[in-house]
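Notes follow once the structure below has been shown.
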Amino acid sequence: MPPETSEVSIPKGRGRDSKEWMEYHGYVATTPSIRSSDYEGVLHCPFQYYLSRRLGLSPALRWSKALSRGSWFHKRLELYREEGWVASQHMEAQLQDRLEELREICKARGIKGSSRDEILDREKKDFKCALGWYDAAMELPFGDRQVSLLSFISQPHFRNLGSEVGVRLHMPQIAPTERVMLTAMYDILLYHEVQNTIFIVDAKTCSESPVDRLSTCPLEFQTQHYMMVLKYALEANLLQPLYNLPEDVRVGGMIHMAIQKPTIEFGMKDRDYEEKEHTLTRGPRKGQVEMRRTYMGEPRFENYLERCKNWYRATGEYEHLAPKWSSSPPVNISLTYGSTLLDQDYLDEYLSRVSVIRHYAKCHPIPKNFPRSASHLRQFGKLSPFAPFYLVHPREWPGIIEREGFIQLDRDEDVDFKIDASYAAR
């Protein structure tokens, strides 16, 4: 029989009693591994870090257009070496798995009828939009060499080591009591057989100009973190046996691919149509002839893909984008070379950033140890789903979790890490 548990007093504040209250209800804080998003997350709001990373709370139906479509784009990128029909089969299977997951969540939360259908239709639309972006953008020639993103990462001197390669290891050179896990999930790892180096490929879908998006990559914690984790793994000889690499292989750098998201949506404009001449009978353009479309049937992905290609290439109805794309193409690439890891200031900055995260990852997990940011509560013109935890007393948190459909997630739990080392010694 399970051990008996004594009643816990209702907490009076945000101190130790609130921690015990949450544990009594089954919400036990953990010491999470350090991920690439943690630095900006901690700087933005330590309390959000406590909720989402230490307690692992996440809204069951959390959704944003950027995250959903970006995730589907990345899933398609994993299959970039597969034949088109093979990739399509894999993607369709993943979509069906996701839809079934959403149906189960809706069932558990009592969401049915048109509300459930709206959630499922939204996911299907995000799926098709992301695939349209991928198919149109990855083959688009750009830059002085007029190469595409797909041809760049498929050059013969690159040997693909894998997609979605997970690496988890303990940070070296840290006292055992302060030691933390470092986790990196690499979109793609490429071995440069001529240079004897490994390059990290990271794709970013963005709303802004790719030139602007790429300009900050060398400064971002993700770039530092991914290259440093790879460096630690190579120094500990963890990757070499796995991929049959020379022991002296080095970090080549990080290839960032930025893909601007089209401003067009999959929808009614993607039905088949007929064009007919129409003579204007009134107004200042009376007598002029213009082409008008008569749409029919249901939207088709093939039509949306054609529109995406026209958007990226500034052709057809999107010819007006040509001047813009000539100065700032909708796809672009940047490289942060591994030689930056020889810069002591660069290394010191990384260690300083890790120290900030480590403080909140290992400090006593009572709410008052994690300052709250009020600005974090307002996102995209509405309150964050986490707002109630900021605004009400901790005694009400278990009820909020149940009522609002929060779930607990360990982001590392279901990851099939290629490298999972307890300690990377130098």
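On the basis of being in a helix (DSSP H, G or I), buried (at least 16 other Cβ atoms within 10 Å of the Cβ) and basic (Lys, Arg), does Arg353 make the cut?
Here the answer is yes, as Arg353 does meet what is asked.
Here's the yes/no breakdown for (1) under 21 Å from Pro388 (Cα atoms); (2) of a type in the set (Phe, Trp, Tyr); (3) modelled with pLDDT under 95:
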residue: Pro2; (1), (2), (3): no, no, yes
residue: Ser9; (1), (2), (3): no, no, yes
residue: Gly15; (1), (2), (3): yes, no, yes
residue: Thr31; (1), (2), (3): no, no, yes
residue: Val42; (1), (2), (3): yes, no, no
residue: Pro46; (1), (2), (3): yes, no, no
residue: Pro59; (1), (2), (3): yes, no, yes
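State which residue pairs qualify: first residue over 17 Å from Arg372 (Cα atoms) and inside segment 21-46, second residue among the small types (Gly, Ala, Ser) and part of a helix (DSSP H, G or I) in any location, beta carbons under 7 Å apart, and separation of 6 or more residues or different chains.
Thr31/Ala361; Pro32/Ala361; Ile34/Ala361
Residues checked against (1) of a type in the set (D, E, K, R); (2) within 21 Å of Leu305 (Cα to Cα); (3) touching a residue at least 60 places away in the same chain (Cβ under 8 Å):
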{"residue": "Lys75", "(1), (2), (3)": "yes, yes, no"}
{"residue": "Trp85", "(1), (2), (3)": "no, yes, no"}
{"residue": "Gln89", "(1), (2), (3)": "no, yes, no"}
{"residue": "Asp97", "(1), (2), (3)": "yes, no, no"}
{"residue": "Glu101", "(1), (2), (3)": "yes, no, no"}
{"residue": "Lys112", "(1), (2), (3)": "yes, no, no"}
{"residue": "Ser115", "(1), (2), (3)": "no, no, no"}
{"residue": "Glu118", "(1), (2), (3)": "yes, no, no"}
{"residue": "Asp121", "(1), (2), (3)": "yes, yes, no"}
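If we scan segment 173-180, do we find a residue that is touching a helix residue (DSSP H, G or I) at 6+ places or on another chain (Cβ under 7 Å) and at pLDDT 95 or above?
no
In segment 296-319, how many are assigned to a helix (DSSP H, G or I) and either surrounded by 13 or more Cβ atoms within 10 Å (Cβ to Cβ) or in contact (Cβ under 8 Å) with a residue 60 or more places away in the chain (or both)?
Count: 13.
If I filter segment 374-408 down to residues being over 30 Å from His170 (Cβ atoms) and polar (S, T, N, Q), which single residue comes out as modelled with the lowest pLDDT?
This residue is Gln379.
Anything in segment 124-168 that is of a type in the set (Val, Ile, Thr) and either part of a loop (DSSP other than H, G, I, E, B) or crowded, with 17+ Cβ neighbours inside 10 Å (or both)? List them, or say none.
Answer for segment 124-168, where residues must be of a type in the set (Val, Ile, Thr) and either part of a loop (DSSP other than H, G, I, E, B) or crowded, with 17+ Cβ neighbours inside 10 Å (or both): Ile153, Val165, Val167.
May I ask you to list the residues in segment 87-105 that are in contact with a Leu (Cβ under 8 Å, 6 or more places away or on another chain), under 17 Å from Ala130 (Cα atoms) and among the aliphatic types (A, V, I, L, M)?
Answer for segment 87-105, where residues must be in contact with a Leu (Cβ under 8 Å, 6 or more places away or on another chain), under 17 Å from Ala130 (Cα atoms) and among the aliphatic types (A, V, I, L, M): Ala87, Met91, Leu99.
Return the residue satisfying two criteria in turn: it lies in segment 322-350 and is outside any helix (DSSP H, G or I) and among the hydrophobic types (A, V, I, L, M, F, W, C), and of such residues it is surrounded by the fewest Cβ atoms within 10 Å (Cβ to Cβ).
Here the residue is Leu335.
Select from segment 389-415 the residues that are closer than 12 Å to Arg14 by Cα and in a loop (DSSP other than H, G, I, E, B) and list them in ascending order.
Passing the criteria: Val392, His393.
Kindly indicate whether any position in segment 57-73 is charged (D, E, K, R), touching a residue at least 12 places away in the same chain (Cβ under 8 Å), surrounded by 15 or more Cβ atoms within 10 Å (Cβ to Cβ) and under 21 Å from Val180 (Cβ atoms).
no
Could you identify the single residue in Ala130, Ala93, Ala137, Ala108 that is of a type in the set (A, V, I, L, M) and touching a strand residue (DSSP E or B) at 6+ places or on another chain (Cβ under 6 Å)?
Ala137
What residue, of Tyr27, Tyr39, Tyr50, is within 29 Å of Leu189 (Cα to Cα) and of a type outside the set (S, T, N, Q)?
Going through Tyr27, Tyr39, Tyr50 in turn, just one is within 29 Å of Leu189 (Cα to Cα) and of a type outside the set (S, T, N, Q): Tyr39.
Listed here are the residues, each with its yes/no results for (1) of a type in the set (Phe, Trp, Tyr); (2) touching a helix residue (DSSP H, G or I) at 6+ places or on another chain (Cβ under 6 Å).
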residue: Thr223; (1), (2): no, yes
residue: Tyr232; (1), (2): yes, no
residue: Ala236; (1), (2): no, no
residue: Tyr243; (1), (2): yes, no
residue: Asp248; (1), (2): no, no
residue: Gly253; (1), (2): no, yes
residue: His256; (1), (2): no, yes
residue: Pro262; (1), (2): no, yes
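Scan segment 14-51 for residues that are hydroxyl-bearing (Ser, Thr, Tyr) and either assigned to a loop (DSSP other than H, G, I, E, B) or surrounded by fewer than 20 Cβ atoms within 10 Å (Cβ to Cβ) (or both) and jot them down.
Tyr24, Tyr27, Thr30, Thr31, Ser33, Ser36, Ser37
Of the residues in segment 75-114, how many are surrounded by 11 or more Cβ atoms within 10 Å (Cβ to Cβ) and among the hydroxyl-bearing types (Ser, Thr, Tyr)?
2
Identify the residue in segment 357-388 that is in contact with a helix residue (DSSP H, G or I) (Cβ under 6 Å, 6 or more places away or on another chain) and assigned to a helix (DSSP H, G or I) and, among all such residues, is surrounded by the fewest Cβ atoms within 10 Å (Cβ to Cβ).
Ala387
Which one of these is among the hydrophobic types (A, V, I, L, M, F, W, C) and within 21 Å of the chain's Cα centre (by Cα): Leu409, Leu391, Leu383?
It is Leu409.
What is the residue count in segment 52-77 for residues that are part of a helix (DSSP H, G or I) and out of contact with any Pro (no Cβ under 9 Å at 6 or more places or on another chain)?
Residues meeting the conditions: 14.
Quick one: which strands (runs of 3 or more DSSP E) lie wholly within segment 177-267 and hold at least 2 residues that are crowded, with 17+ Cβ neighbours inside 10 Å and among the aromatic types (Phe, Trp, Tyr)?
Answer list for segment 177-267: 181-192.
The values are calculated or read from the model by the stated rules, or taken from the named source; none is laboratory data. As the structure is a prediction and not an experimental result, all values here were calculated from the model. Counting neighbours? That spans all protein chains shown, and the Cβs are built from the backbone with ideal geometry, glycine included.
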